[in-house]
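The structure appears right after this line, and notes come after that.
Laboratory data are not the source of any read-out in this text; all were calculated from the coordinates shown. Every value quoted in this text rests on a predicted model; they were computed, and no experiment measured them. Here the Cβ positions follow ideal geometry from the backbone for every residue, glycine too, while neighbour counts run over all protein chains shown.
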Amino acid sequence: MAFSASTKEGFGIINHRWQLVLIRVVASIVNLAAFFIIVGIPLFIAIMVAGIELATANAGQFLESLREAFTGGYVWIAALVLASILLYAFFAAFVWMYVLSGSMGIIARTLENRKETFRLKVFYLEAKKHFTPLANFYLLLGLFICAAFIVLGVAVGGAVYISDTLKEASSFLGLMLEVFLNMFIVLAGLFAVYGSMTLGAYGAGIVVMDGERAWPAIKKAARFLSDHPRGFWGYSALLTAYGIATFLLFVIGYPFKLIPIIGIVIILPYQIASYAIGRYLGLSLVGSAFSYYFRNTRTCIPAEAPGQGQAPEGPAPTAQEGPQGPLQTPPPAGV
């Protein structure tokens, strides 16, 4: 199956399951409200107790006042702020993973049966089913990505050191190596970003649709992309288009922030709409990757007509019975 057809099917799935976009928007509102409750309220109380002036001229002075409070004996403020930030990070990560697990489960179910209606109960069941496997998968994938970027950073540092050494001996060789190094950094960085995101999309599909664990899913996704390189290039093109669309939404909405009063009234509904569009595009990317993997790994074998390569129904004749011949009259009783 071509990736363009999978892209069309991926967008069609999200159009059919538009409730997933609404759930993502509601989850973001919940996380925003949780930030003000979990982080904002303890921070406000701690600042009031420490006597920090909130109406300072700028953020720099506020941070300086906060630092002075920390170093002035209010160590518990730092502990309170740190604990609230960690608690919020765990809460936000849980909500994000829960919603993502349910959304991916619904997308996979829709690929198998488009006629099934959307129900919140099914969404909760899918989220509960895939939450732990997907969390383990993304945790392992994140460790691999960190290791890859550490190796890339060490390689770049070594290349920079060699380039500086060659510049002292020969400016031409140093310049050529610097140009090559810059190209290598850009290409390696792009490959690392696109590769990790593509591997994450297809690996998550394998976890959800095939029920694989984290490490087998990563190996299976890498093998699938090696056998189907169009899946990598097609998804990379979609990621690029998604980045461009997100940037355009930001550029279009930025001038409204410069308008004193009316801009605030306009920018709020625009930000909600642009956020919903971004979640719609993000889910469509997931649907496209799932569709490409699903259509290229599930084969539908047509039923053969009777008499064409199929054995006739009924028990097969044994060696003693032999083939069925013409009807014979039984021998007389006296023989």
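Some points to look at:
- Packing around the peptides 183-191, 6-14, taken as the average count of other Cβ atoms within 10 Å per residue, puts them in this order, highest first: 6-14, 183-191.
- The string of couplings for the range 180-188 from the Karplus curve (6.51, -1.76, 1.60, θ = phi - 60°) is 4, 5, 4, 5, 5, 4, 5, 5, 5 Hz, one whole number per residue in order, with x for Gly and Pro.
- Remark: the range 17-29, residue by residue, has Karplus-estimated 3J(HN,Hα) of 10, 5, 4, 5, 5, 4, 5, 5, 5, 4, 4, 5, 5 Hz, where x stands for each Gly or Pro and the curve is 6.51 cos²θ - 1.76 cosθ + 1.60 at θ = phi - 60°.
- Ranked by the mean number of other Cβ atoms within 10 Å per residue, highest first, peptides 269-280, 210-221, 116-127 order as 210-221, 269-280, 116-127.
- Order of Tyr292, Tyr98, Tyr235, Tyr254 under a 10 Å beta carbon neighbour criterion, fewest first: Tyr254, Tyr98, Tyr235, Tyr292
- Debye intensity ratio I(q)/I(0), log10, the range 3-296, q values 0.10, 0.11 Å⁻¹ (C-alpha model): -0.78, -0.90
- If the chain linking Leu32 and Ile244 were pulled fully straight, counting 0.36 nm for each residue of separation and taking away their Cα-Cα distance, it would gain 73.8 nm.
- Cα Rg, Dmax, the range 202-256, angstrom units: 16.2, 48
- Cβ-derived FRET efficiency at R0 41 Å, Lys129 paired with Met183, nearest 0.05: 0.35
- More than 18 angstrom apart: percent of Cα pairs within the range 174-279: 66
- For the residue pairs Lys129/Lys257; Lys121/Lys257; Lys128/Lys219; Lys128/Lys257; Lys115/Lys257, alpha carbon separations beyond 32 Å are given by Lys129/Lys257; Lys121/Lys257; Lys128/Lys257; Lys115/Lys257.
- Remark: the range 215-223, residue by residue, has Karplus-estimated 3J(HN,Hα) of 5, x, 5, 5, 5, 5, 5, 5, 5 Hz, where x stands for each Gly or Pro and the curve is 6.51 cos²θ - 1.76 cosθ + 1.60 at θ = phi - 60°.
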